[in-house]
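The values are calculated or read from the model by the stated rules, or taken from the named source; none is laboratory data. Everything quoted here is computed from the prediction, not taken from an experiment. Quick reminder, even Gly has a Cβ in these numbers, built from the backbone with ideal geometry, and neighbours come from all protein chains shown.
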Amino acid sequence: MPILKNPKHEIFAQQLAQGVTAEAAYAKAGYAPSLKNAQRLKSNEGIRSRVEEILSQAAEKAGVTVERIADELVKIGFADIRKAVQWGDGVILTDEDGNEHVVNDVRLTASDKIDDSTAAAISEVSKTKDGLKIKFHDKLGALEKLGKFVGMFKDKLELSSDGSVEFKTVYEARPRN
């Protein structure tokens with residue numbers, strides 16, 4: 001779809017694609033403020049198509065693809081902490097008062113020794129008063145998103161007899177290929 005013929009409509013679509021609210025986009029396009037009219041224009045098929053095209057072009061330009069997103073989720077979902085941290089048996093140390101403490105020797109893997117997949121799964125490495133801390137991205141969240149992507153989990157709305165609505169994610173077993 002080419003640029004919209006109506007310049008105000010094009011500005012409106014560009015603003016929506018940037019994440020601006022419909023009401024703010026409507027005003028930036030030069031219209032008198034009106035939430036009702038902004039919502040109506042936002043639902044216009046030509047506007048919706050143009051916004052989708054703008055977003056698609058931006059995603060393409062940034063190299064965002066379904067495959068690339070799935071690949072990043074796989075890195076997070078299947079990350080193995082043993083590739084980023086090494087630990088051994090604990091060592092028993094005795095303090096000045098004769099109290100014994102087990103101290104574990106935990107070390108981070110050097111950054112040049114971590115593979116790209118493991119590095120992508122790490123969200124934070126920080127220094128604390130007790131030493132270094134490593135934090136991974138949300139593994140369960142990534143696995144749930146991957147499960148939904150492959151059709152393993154389905155979102156369902158359930159209406160009960162008392163009129164309440166419940167949103168559930170359900171597991172659907174899929175045969176192995």
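Annotations
- Verdict on Thr65 being among the polar types (S, T, N, Q), at pLDDT below 95 and within 30 Å of Gln14 (Cβ to Cβ): yes
- Restricting the first member to segment 41-68 and to residues that are without any contact (Cβ under 8 Å) to a residue 60 or more places away in the chain, and the second to residues that are of a type in the set (Lys, Arg) and in a loop (DSSP other than H, G, I, E, B), no beta-carbon pair is closer than 8 Å while six or more apart or on different chains.
- Count of segment 130-158 residues which are free of Cβ contacts under 8 Å to residues at least 60 places away in the same chain and touching a strand residue (DSSP E or B) at 6+ places or on another chain (Cβ under 9 Å): 15
- Here Lys168 meets the list (1) touching a strand residue (DSSP E or B) at 6+ places or on another chain (Cβ under 6 Å); (2) in a loop (DSSP other than H, G, I, E, B); (3) not aliphatic (A, V, I, L, M) almost entirely, failing just condition (2).
- Any hit, segment 17-36, residues being buried (at least 17 other Cβ atoms within 10 Å of the Cβ) and touching an Asp or Glu at 6+ places or on another chain (Cβ under 6 Å): no
For every residue, the table says whether it meets (1) out of contact with any His (no Cβ under 6 Å at 6 or more places or on another chain); (2) at pLDDT 90 or above; (3) among the hydrophobic types (A, V, I, L, M, F, W, C); (4) in a loop (DSSP other than H, G, I, E, B).
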| position | (1), (2), (3), (4) |
| --- | --- |
| Ala70 | yes, yes, yes, no |
| Ile76 | no, yes, yes, no |
| Ala79 | yes, yes, yes, yes |
| Ser117 | yes, yes, no, no |
| Lys135 | yes, yes, no, no |
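- Scanning segment 108-131 for residues that are closer than 14 Å to Gln86 by Cβ and within 19 Å of the chain's Cα centre (by Cα) returns a single hit, Thr118.
Conditions (1) in contact with a helix residue (DSSP H, G or I) (Cβ under 8 Å, 6 or more places away or on another chain); (2) assigned by TED's automatic domain parsing to the domain that holds Phe12; (3) of a type in the set (Gly, Ala, Ser); (4) outside any strand (DSSP E or B), marked per residue:
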| residue | (1), (2), (3), (4) |
| --- | --- |
| Tyr26 | yes, yes, no, yes |
| Pro33 | yes, yes, no, yes |
| Ala38 | yes, yes, yes, yes |
| Glu53 | no, yes, no, yes |
| Arg82 | no, no, no, yes |
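- Test: residue in segment 115-137 that is surrounded by fewer than 10 Cβ atoms within 10 Å (Cβ to Cβ) and of a type in the set (A, V, I, L, M): no
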